[in-house]
1. Report, by residue number, each residue of region B:349-367 that is surrounded by 12 or more Cβ atoms within 10 Å (Cβ to Cβ) and either basic (Lys, Arg) or at pLDDT 90 or above (or both).
2. Looking at region A:128-148 only, could you name the residues that are touching a residue at least 12 places away in the same chain (Cβ under 8 Å) and not in a loop (DSSP other than H, G, I, E, B)?
3. When you look at residue A:51, is it touching a Phe, Trp or Tyr at 6+ places or on another chain (Cβ under 6 Å), within 14 Å of chain B (Cβ to nearest Cβ) and under 27 Å from residue A:185 (Cβ atoms), yes or no?
4. Is it true that residue A:166 is assigned to a helix (DSSP H, G or I), farther than 30 Å from residue A:64 by Cβ, modelled with pLDDT under 60 and not β-branched (Val, Ile, Thr)?
5. Have a look at B:151, B:133, B:123, B:70 and point out the one that is touching a helix residue (DSSP H, G or I) at 6+ places or on another chain (Cβ under 7 Å), modelled with pLDDT under 90 and hydrophobic (A, V, I, L, M, F, W, C).
6. Specify which of the listed residues (A:140, A:111, A:117) is within 13 Å of another protein chain (Cβ to nearest Cβ) and either over 27 Å from residue A:80 (Cα atoms) or surrounded by 16 or more Cβ atoms within 10 Å (Cβ to Cβ) (or both).
7. Please list, ordered by first then second residue, the pairs with beta carbon atoms under 7 Å, 6 or more apart or interchain, first in region B:6-32 and farther than 30 Å from residue A:249 by Cβ, second of a type outside the set (Ser, Thr, Tyr) and assigned to a strand (DSSP E or B).
8. Select from region B:21-55 the residues that are surrounded by fewer than 17 Cβ atoms within 10 Å (Cβ to Cβ) and acidic (Asp, Glu) and list them in ascending order.
Amino acid sequence: MDIRHRNRVTVLGDQGPTLLYAHGFGCSQGMWRQVTPAFAGTHRQVLFDYVGSGQADRQAFDLARYSTLDGYAQDLIDVCDSLGLQSGVVLIAHSVSCSIGLMASLRRPGLFERMVLVGPSPCFLNHPPDYLGGFEREDLEGLLSLMDQNFIGWADYLAPIVAGAPHGSPVSTELNTSFCSTDPETARVFAQATFFADNRADLPQVRVPCLILQHAHDALAPTAVGDYLHQHLAGSRLQVLDVVGHCAHLSAPEQVVDAIRDELARALPA
Amino acid sequence: MPHAESPDWDAWPALLAQTDGMGRLLAANAELRALAAWPSPLPEGLNLDQLLPPASRILMQTHVWPMLHAQNQVRELHLILRPAGGAAVPVLLNAKRSAQADGSSTVQWLFLVTHERTRFESALLEARQRAQAEAQARAEREGFLQTLANALPSLVSYWDRDLRCRYANQAQQQAMRPGSADLLGMRMEDAVGPQRYAQKEARARAALAGQAQQFELQSVDAQGRRQHWQHDYVPDRRSDGSVQGFFVLGTDITALKESALALELAALVFERTPQGIAVTDENGSILSVNRAFTAITGYSAEEAVGRNPRLLNSGTHDSRFFADFWQQLQAKGQWSGEIWNRRKNGELFIALQTVNAVRDADHAAQRYVTVFTDVTERWRDNERMRHLALHDALTGLANRQMLETMLTQLLSQMQRADRRLAVLFLDLDGFKTVNDQLGHQVGDALLKAVARRLTALVRSCDCVARLGGDEFVIALDNPSSGDEVAQVGERIVAALAEPFVLGQREGVHIGVSVGVAQYGPGCQSVAELLRQADEAMYAAKAAGKGRVRFSAQA
């Protein structure tokens, strides 16, 4: 199978250490476009879409595989294998991809030299009293319901009526793709895999140095979650970005770029 | 610093807000402030997230913000707003992001409350779903009809007013244009060829004139077999009465025709066969009879149907005969033999009869088919022949062969029981003189008269035989004693001594000599009995005629 086609792998530049960017739920590799210019020329930068997201091959979607984060971790490893990457990779991951990256690092020790985790959360659900991920199960059910409503009411139904165009015409397709998750079925599966995952047990096993970029005011991953990660990831650094929201690489890309530069300049711990 | 509120915003009937690129609130119009219970001017540090319940917050972070950054706008996205302590408000979100000169960005937010709108949308949605369902049902119906028409072995087609084909199922296509051009759009004339067209055109015109047509045509298939077709032309009449075309249903009725012919033939055979036939149901009720049945029995079909074949019962056979009959019919499914029946006129007849138990065509009901021939004449002929073989043609008495058979039978009984058997050998005295003087005819008449007198003198179980000429033998079955035998002998001598009246002749006198042999230790075979009786008769003649002599061995 052609992984580079399946995961829509993009390689920018052919010199320098490899930066591998992993997008979060609801997004695609395009979300990194304000970050990558900063490393053009100095780094080889690799971007991709998970199967079920962005422009990845829809035909490759396998319900069983992508119902848990394991399948997405395998995508990440597949992408590295397809490019012959075996070590020295710097993973720059957003949101759920942070958990996916940590899983991949356990499966392939030595693949990642270090990881930059933007807005990570090992578990979105509350497990009181020890852990508060920020959400209850019914909140996530509400999210799925909202997503359905938007897919049905907006992309599938309203678009053709508003445009006076039949279903599947170019107009409705355009409106459809403007919603980040292009496929309602795969988006639901990814949403469940993301929000019902619990990767807290993985944390103590991780041996890769991590930079945690915590948003100062994040509705999805509050600062307590960043602190929890910092405590449980041995040798990690925690840096709080002056950002409201969950997408620093979009709303404050310069802060993310600076943090990455700073991290790359640091010597690896012995 | 929040921007100054525009007075215009407050007049707008929608929820409006302005934030920076991270969702920090810069301004909110009166409706939004009222919904969120925010004071005016807005305090610092408010964020749109504060209006969003968790699910909407996730959607905002995972979808809305990425879209705003990618495309600078978001249109008509469903969200839920829920101010602290307030109820959930479903909204449609429209937002637009604009970059500022300093590199920062602002976002304009418009929330349309969707209570009313949702109702409108759901009505539209329902209408669309209904239309889709109807379209699908229609497609399924058409697909089903198509499948149905193609599954039919019959020819189905439709022809318009110009006699062009508008529809043809697979069988029709195959029949008319096997492996060649599509029938659709073809003129009937071109599709069927001139010869066929000549047969069909008038029918087609009549159908177009509104008259349904049904007719049969014959054809010969590729293997040279004759085929029979029934064609139905059904006018396609519109609501205004006009005929737009006609439907054609062509049905292969070859098998039907052939089986009808076969049935006709079978019926003809049944009716015309010279043997009587009766078919009964499992209860023995007659279902049908043929002409020969009526001719033989005298019962018409009307009289016989519904009756039991017992109406032919002659009363000749005992119950054991019929028990055997049924037992064999059940066991072998067939009985055959001779049976005495009675005609309607009371006359007995003997039938050579076969009864078969059969199942009808559906293997459902048990039927009995009785086939019989009236063999009464043949039987009579046989009886006559048998009689001739065993009897004296002149007198009707038993002949030598029958006598010996009877004696053999009687002798076989002697072994088993204490019985007697006596043989009387008779030779007429003076017969030759009568015969010579009065002629053969009188002689024959005399012999017949002697036979009558002898027969009258003995019991029916005794046998009177004529061996030829003027020799007679009488076998007495189990006489009570030698005396009784002697008495019979004496009565015979006396009876034949009486003068005979033969036609015109009166007072014809003859006599008889009688020799008697009886079963005993020295006389145990037919030959011995006859020989000893013969010897005794000669002894009687020698002793002076008109006497009875017993054999010495007796």
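The values are calculated or read from the model by the stated rules, or taken from the named source; none is laboratory data. If you're wondering where the values come from, they're calculated on a predicted model, not measured in any experiment. FYI the Cβ positions are ideal-geometry reconstructions off the backbone, even for glycines, and counts take in every protein chain you see.
1. Of everything in region B:349-367, those that are surrounded by 12 or more Cβ atoms within 10 Å (Cβ to Cβ) and either basic (Lys, Arg) or at pLDDT 90 or above (or both) turn out to be B:349, B:350, B:351, B:352, B:353, B:354, B:355, B:356, B:367.
2. Of region A:128-148, the ones touching a residue at least 12 places away in the same chain (Cβ under 8 Å) are A:131-135, A:137, A:140, A:143-144, A:147-148.
Answer for region A:128-148, where residues must be touching a residue at least 12 places away in the same chain (Cβ under 8 Å) and not in a loop (DSSP other than H, G, I, E, B): A:131, A:132, A:135, A:137, A:140, A:143, A:144, A:147, A:148.
3. Working: touching a Phe, Trp or Tyr at 6+ places or on another chain (Cβ under 6 Å): yes; within 14 Å of chain B (Cβ to nearest Cβ): no; under 27 Å from residue A:185 (Cβ atoms): yes.
Judged against the criteria, residue A:51 is not a match.
4. Spelling it out, it is not the case that residue A:166 is assigned to a helix (DSSP H, G or I), farther than 30 Å from residue A:64 by Cβ, modelled with pLDDT under 60 and not β-branched (Val, Ile, Thr).
5. On the way: B:151 fails: touching a helix residue (DSSP H, G or I) at 6+ places or on another chain (Cβ under 7 Å); B:133 fails: touching a helix residue (DSSP H, G or I) at 6+ places or on another chain (Cβ under 7 Å); B:123 fails: touching a helix residue (DSSP H, G or I) at 6+ places or on another chain (Cβ under 7 Å).
The match here is B:70.
6. A:140
7. B:9/B:16; B:14/B:110; B:14/B:111; B:14/B:112; B:29/B:16; B:31/B:15
8. If the condition is that a residue be surrounded by fewer than 17 Cβ atoms within 10 Å (Cβ to Cβ) and acidic (Asp, Glu), then B:44 is the only one that fits.
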